[in-house]
Structure formats: C-alpha cells, structure tokens
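J.: Okay, here's the structure, questions in a sec.
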Amino acid sequence: MNKLLDRFLHYVSFDTQSKPNVRHTPSTEGQTRLAQALRNELTELGFSDVTLSDKGCVMATLPGNVAWKVPVIGFISHLDTAPDFTAKHVNPQIVENYRGGDIALGNGDEILSPVMFPVLHQLLGHTIITTDGKTLLGSDDKSGIAEIITAMVRLKNSNIPHGPVRIAFTPDEEIGKGAQSFDIPAFGAQWAYTVDGGGVGELEFENFNAASATIKIVGNNVHPGSAKGVMVNALSLATRFHSQLPADETPEHTEGYEGFYHLTTIKGNVERAEMHYIIRDFDKTKFEARKKNIIDIAHVVGKGLHRDCYIEVTLDDHYYNMRDKVAQHPHIIALAQQAMKDCDIEPVMKPIRGGTDGAQLSFRGLPCPNIFTGGYNFHGKHEFVTLEGMEKAVSVIMRIAELTAKEAVKH
C-alpha cells in the first residue's frame, strides 16, 4: 500500500476532536495521544530535535544537505478535528478509480453526490477516501500531517538539495487556541506554510477577521394567565434580536470577500436565553462595524426592560486577516506559486473564508501562508480527500524546500 495513504489512515484512527471552552491545551486527550505517536514516529524515522511541548505541540527538524547557507523554513499542520461533527470511530472508505456518479457512504442512506458536490466531476479516475456517513473524515488536517511527514521522509532519502526544514503539528487549531502557545523562537524558521487548505492548487494568504459574540438574555417568567405587563419572555427577545440582523449576511448567502453573522447556537426558556454568534469579515473597518451593530441591536431590543431584566453582550476577537503581514514578504508567496507551477499545478489564489494557525502566527512574527491538502467538504460527513491531491501536496512541499535552497545559492 501507499505509505502516504497508510499514514493518513493511521492518523484518522485517533479521535482528536477539540473542545471549545476548555481552559487547558490541548483541550482533549486524543490530541495528546496523536502528538505522542507522532513524536515517536519522527524519532524512529531519524529526524533531529524532535520535541513535544507540555501544550501538545510536536516539532522536528530535517537538517539541510547543502554546503551553502539556506534560510530555515517550516511546514505546519494541526492535530485536532473540528467540534462541528462527531469524529469517534472514523471508518474511511477507499474508492479506487472513481468512475463518476454517487458514492454510497457506508451501509446507510448517505451518499456523496456530484449533484451536490460538482467537484467530483473533475476527479474521474482518482482514488477518493470518504467517510462512512457517520463521522467526519479528519482530512482537516490529518492529510496535512501525512503530507508533511511523507515529504520530509522522501527528501531525507533523496539527493534533492534542501536547507534545514522545521515541521510542527499543533493542537486546538479548530477552536483558535493552538497558535497562542506556539513557541516561535524554538521553531526557529524565517517563514512557514500551513498545509491546511482544500482543493489542489489553493494558495491563501488572506483570511477573515474573526470574533465571537455571546448574547445572554435575562427575562421574567410568571404564569401566562396573569402575565400582562409582568412577563418578559427571554426567547421572544432572542428572536427579536436575531431578526434585527441583515438576513442576507449569513454564511449560506455569502461568498468570496463577503462577511457574515452566523448564529451557531440558541438555547433557553422564558426566564433565560443564550445565543452564540461568530462574526466574520475580511475588511477591518467592516469587521468593527459588525461588532458595533451587535451592541447597538442589544440596546434597541433591551430598551425599556424591567430593571431586573437585561441583555448582556460579550465580544471576543479570535484572529485577524494576515494579508497585511504576509504581503510584506512577497517572495514567500512567489516561491509557493513557482513550486506549484513546477509540479504542473495552476495556483488558485483565494481568500480563506475561515482561519488557520497561520493567521495568528503571521501576526506574531512568523509569516505563514496556507497551501492545499487535496481535501474537500471539511467538518462534516461528506468530507473526502483524493490520494492524487495528497501526492501533489507532497510534491509541492518538497519543491518549496528545493527552490528555497536554489534561491539561496544565487545570493
């Protein structure tokens, strides 16, 4: 069997779903188990400086094999899978030489259909790894881990010239916490790439500005038969609040550079209600305006409430658009573009409608654009990845390392 595929199938067997609102990092034990397994694997493979921090971050070095000085570069992927959908007992299906049409997921009624996911039309003849319809797959981002390690092993066993390469696998990316404890000085790279993108050719260096909003509403519950002038229904206030937001500025109505408000949970009763939103925009001014709008609506809906009833808003910024930071280092983007072209891949420059560890790391001084993994439909039961796409990611990683060494010898 293909070693790259072997690695990927092994890594997805670990349940590494991260858990929001947990104080410790990693947020789940499964991530620690995968981190320990990766540390052991990298040590057995003969890499240098293999470390596992108390925060669950694995780092290692592939030493350079050339006499001249080459900048230290890095590649980073994350250990955790998204909290959005279950990741217990992932049971991958391998569809070789895909011939088109629907792919049955497991024994149930779930299918992967080119009607819903037209990208499948472009993948005829490919080997497609899917879920069994009961879990997510974990391609985000275990395909990235498998690709980075496979690329390093192939470089190590080849005569391809390269400088020192640092690799790292981080916890809790999906809940925006992993990069906070990433030790940039210990990593020691001048720049890096997260291998955490989607379809083949994706190259991204701009992402959403991101915040969360928690709306707590305290009402007053009395018997509905004698409620006039006394009851304050927290659920009614919650629906009023939500109706004040622009209906067409939600994830299902936006694309490209358009921002949104996304209601992720709402729960409660007449007495108390709580709503959670995520707020996203590429433009910093519009991002700030969205947050202000949330507060303004709370004031409007809460106006005139009984003194014991209130609406409380908590806003938390998570990460910012890394474009301005990465754009200061255009050669990093150019290098990745050239590597893709050398591998017969047309680079697809697009904004990330989400975030990566690279956003936080870029703001902390490590410029870090994002390259593709070959995976699709992340965070749900329709997630899949192609073996060919993963192989292309391996080739691009190796080529970036080679080009970095070749560029260095010119100077």
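The values are calculated or read from the model by the stated rules, or taken from the named source; none is laboratory data. Bear in mind that the values here come from a model prediction, so they are computed numbers and not experimental data. Heads up, the Cβs are rebuilt from the backbone with ideal geometry, glycines too, and the neighbour counts pull from every protein chain shown. Protein only, heavy atoms only, side chains kept; ligands, DNA and RNA dropped before computing areas. Shrake-Rupley method; radii C 1.70, N 1.55, O 1.52, S 1.80 Å.
J.: Show the residue pairs meeting these rules: Cβ distance below 9 Å; 6+ apart or different chains; first residue within the range 149-167 and over 15 Å from ALA67 (Cβ atoms) and of a type outside the set (Val, Ile, Thr); second residue open to solvent by less than 10 Å² (accessible area, probe 1.4 Å) and part of a loop (DSSP other than H, G, I, E, B).
T.: Correct list of pairs: LEU155/HIS162.
J.: Considering only residues of the range 80-104 that are polar (S, T, N, Q) and in a strand (DSSP E or B), which is nearest to ILE184 (Cα to Cα)?
T.: From the range 80-104, those polar (S, T, N, Q) are 81, 86, 91, 93, 97; that's our starting set.
From what is left, the residues that are in a strand (DSSP E or B) are 81, 93.
On the way: THR81: 23, GLN93: 38 Å.
The extreme case among them is THR81.
J.: Further question: Going residue by residue through the range 40-49, is there one that turns out to be modelled with pLDDT of 95 or more, surrounded by 14 or more Cβ atoms within 10 Å (Cβ to Cβ), part of a loop (DSSP other than H, G, I, E, B) and under 23 Å from the mean Cα position of the chain (by Cα)?
T.: No, that holds for no residue.
J.: Considering (1) at positive phi; (2) small (Gly, Ala, Ser); (3) open to solvent by less than 30 Å² (accessible area, probe 1.4 Å); (4) modelled with pLDDT of 95 or more, say which one GLY106 fails and leave the rest.
T.: Among (1) at positive phi; (2) small (Gly, Ala, Ser); (3) open to solvent by less than 30 Å² (accessible area, probe 1.4 Å); (4) modelled with pLDDT of 95 or more, the lone unmet condition for GLY106 is (4).
J.: Would you point out the residue of the range 145-172, among those that are among the hydrophobic types (A, V, I, L, M, F, W, C) and in a strand (DSSP E or B), that is farthest from the chain's Cα centre (by Cα)?
T.: Kept after step one, since they are among the hydrophobic types (A, V, I, L, M, F, W, C), are these residues of the range 145-172: 145-146, 148-149, 151-153, 155, 160, 165, 167-169.
Those still in the list that are in a strand (DSSP E or B) too: 165, 167-169.
On the way: VAL165: 22, ILE167: 17, ALA168: 15, PHE169: 13 Å.
Among residues in the range 145-172 that are among the hydrophobic types (A, V, I, L, M, F, W, C) and in a strand (DSSP E or B), the one farthest from the chain's Cα centre (by Cα) is VAL165.
J.: Considering only residues that are of a type outside the set (A, V, I, L, M), at pLDDT 95 or above and outside any helix (DSSP H, G or I), which ones fall in the range 329-351?
T.: Within the range 329-351, HIS329, CYS343, ASP344, GLU346, PRO347 meet the criteria.
J.: Being of a type outside the set (A, V, I, L, M, F, W, C) and assigned to a strand (DSSP E or B) is true for just one of SER13, SER77, SER27. Which residue is that?
T.: Details: SER13 fails: assigned to a strand (DSSP E or B); SER27 fails: assigned to a strand (DSSP E or B).
Answer to the check: SER77.
J.: Hey, another quick one. Residues that are among the basic types (Lys, Arg), out of contact with any Lys or Arg (no Cβ under 8 Å at 6 or more places or on another chain), free of Cβ contacts under 8 Å to residues at least 40 places away in the same chain and surrounded by fewer than 18 Cβ atoms within 10 Å (Cβ to Cβ): does the range 403-411 have at least one? First the steps, then the outcome.
T.: Residues of the range 403-411 that are among the basic types (Lys, Arg), as a first pass: 406, 410.
From what is left, the residues that are out of contact with any Lys or Arg (no Cβ under 8 Å at 6 or more places or on another chain) are 406, 410.
Next, from what is left, pick out any that are free of Cβ contacts under 8 Å to residues at least 40 places away in the same chain: 410.
Right, trim to surrounded by fewer than 18 Cβ atoms within 10 Å (Cβ to Cβ) and you get 410.
For the range 403-411, residues among the basic types (Lys, Arg), out of contact with any Lys or Arg (no Cβ under 8 Å at 6 or more places or on another chain), free of Cβ contacts under 8 Å to residues at least 40 places away in the same chain and surrounded by fewer than 18 Cβ atoms within 10 Å (Cβ to Cβ): present.
J.: Tell me, which residue of the range 230-253 that is aliphatic (A, V, I, L, M) and surrounded by 15 or more Cβ atoms within 10 Å (Cβ to Cβ) is nearest to THR356 (Cα to Cα)?
T.: Of all residues in the range 230-253, those aliphatic (A, V, I, L, M) come to 230-232, 234-235, 237-238, 245, 247.
Adding the requirement that they be surrounded by 15 or more Cβ atoms within 10 Å (Cβ to Cβ) leaves 231-232, 234-235, 237-238, 245.
Values: MET231: 45, VAL232: 41, ALA234: 36, LEU235: 35, LEU237: 35, ALA238: 31, LEU245: 27 Å.
Selected residue: LEU245.
J.: Follow-up. Just checking, how many residues over the range 15-35 are crowded, with 17+ Cβ neighbours inside 10 Å and without any contact (Cβ under 8 Å) to a residue 24 or more places away in the chain?
T.: Total satisfying the criteria: 1.
J.: Could you list all residues from the range 352-381 that are open to solvent by 20 Å² or more (accessible area, probe 1.4 Å) and assigned to a loop (DSSP other than H, G, I, E, B)?
T.: Selection gives ARG353, GLY355, ARG364, GLY365, ASN377, PHE378, HIS379, LYS381.
J.: I would also like to ask the following. Give the residue that is farthest from VAL72 (Cα to Cα), with candidates limited to residues of the range 213-229 that are open to solvent by 20 Å² or more (accessible area, probe 1.4 Å) and touching a residue at least 24 places away in the same chain (Cβ under 8 Å).
T.: Residues of the range 213-229 that are open to solvent by 20 Å² or more (accessible area, probe 1.4 Å), as a first pass: 214, 216, 220-226, 228-229.
Retained after the next criterion (residues that are touching a residue at least 24 places away in the same chain (Cβ under 8 Å)): 214, 216, 220-221.
Values: THR214: 41, LYS216: 48, ASN220: 61, ASN221: 63 Å.
Per the criteria, the residue is ASN221.
J.: Turning to a different aspect of this structure: Suppose the filter is part of a strand (DSSP E or B) and either closer than 24 Å to ILE175 by Cα or open to solvent by 40 Å² or more (accessible area, probe 1.4 Å) (or both); does HIS299 pass it? Give the derivation first.
T.: Numbers: part of a strand (DSSP E or B): no; either closer than 24 Å to ILE175 by Cα or open to solvent by 40 Å² or more (accessible area, probe 1.4 Å) (or both): yes.
Here the answer is no, as HIS299 does not meet what is asked.
J.: Still on this structure, I have one more. Starting from the range 255-267, take each residue that is within 21 Å of LEU315 (Cα to Cα) and at pLDDT 95 or above and list its partners that are surrounded by 15 or more Cβ atoms within 10 Å (Cβ to Cβ) and among the small types (Gly, Ala, Ser), counting only C-beta distances under 8 angstrom and pairs at least six apart or across chains.
T.: Here the result reads ILE266/ALA238; ILE266/ALA273; LYS267/ALA273, each pair linking the range 255-267 to a residue that is surrounded by 15 or more Cβ atoms within 10 Å (Cβ to Cβ) and among the small types (Gly, Ala, Ser).
J.: Same structure again: What are the pairs with Cβ atoms under 9 angstrom where one residue, in the range 345-360, is farther than 16 Å from ILE333 by Cα and the other, located anywhere, is open to solvent by 60 Å² or more (accessible area, probe 1.4 Å) and of a type in the set (S, T, N, Q)? Sequence gap at least six, or different chains.
T.: Note: pairs meeting the criteria are GLN360/GLN180.
J.: Another one. Can you tell me which residues in the range 259-288 are open to solvent by 60 Å² or more (accessible area, probe 1.4 Å), in a loop (DSSP other than H, G, I, E, B) and closer than 16 Å to ARG323 by Cβ?
T.: ASP283
J.: So for the range 188-201 (the condition being part of a loop (DSSP other than H, G, I, E, B), in contact with a helix residue (DSSP H, G or I) (Cβ under 6 Å, 6 or more places away or on another chain) and at negative phi), does at least one residue qualify? Don't jump to the end; show me each part of the working.
T.: Step one: of the range 188-201, the residues part of a loop (DSSP other than H, G, I, E, B) are 188-190, 196-201.
Filter again for in contact with a helix residue (DSSP H, G or I) (Cβ under 6 Å, 6 or more places away or on another chain), leaving 196, 200.
Narrowing further to those that are at negative phi: 196, 200.
For the range 188-201, residues part of a loop (DSSP other than H, G, I, E, B), in contact with a helix residue (DSSP H, G or I) (Cβ under 6 Å, 6 or more places away or on another chain) and at negative phi: present.
J.: Let me ask something else. If HIS126 passes every condition in (1) open to solvent by 10 Å² or more (accessible area, probe 1.4 Å); (2) modelled with pLDDT under 95; (3) not charged (D, E, K, R) but one, which one does it miss?
T.: Going through the list (1) open to solvent by 10 Å² or more (accessible area, probe 1.4 Å); (2) modelled with pLDDT under 95; (3) not charged (D, E, K, R), HIS126 breaks only (2).
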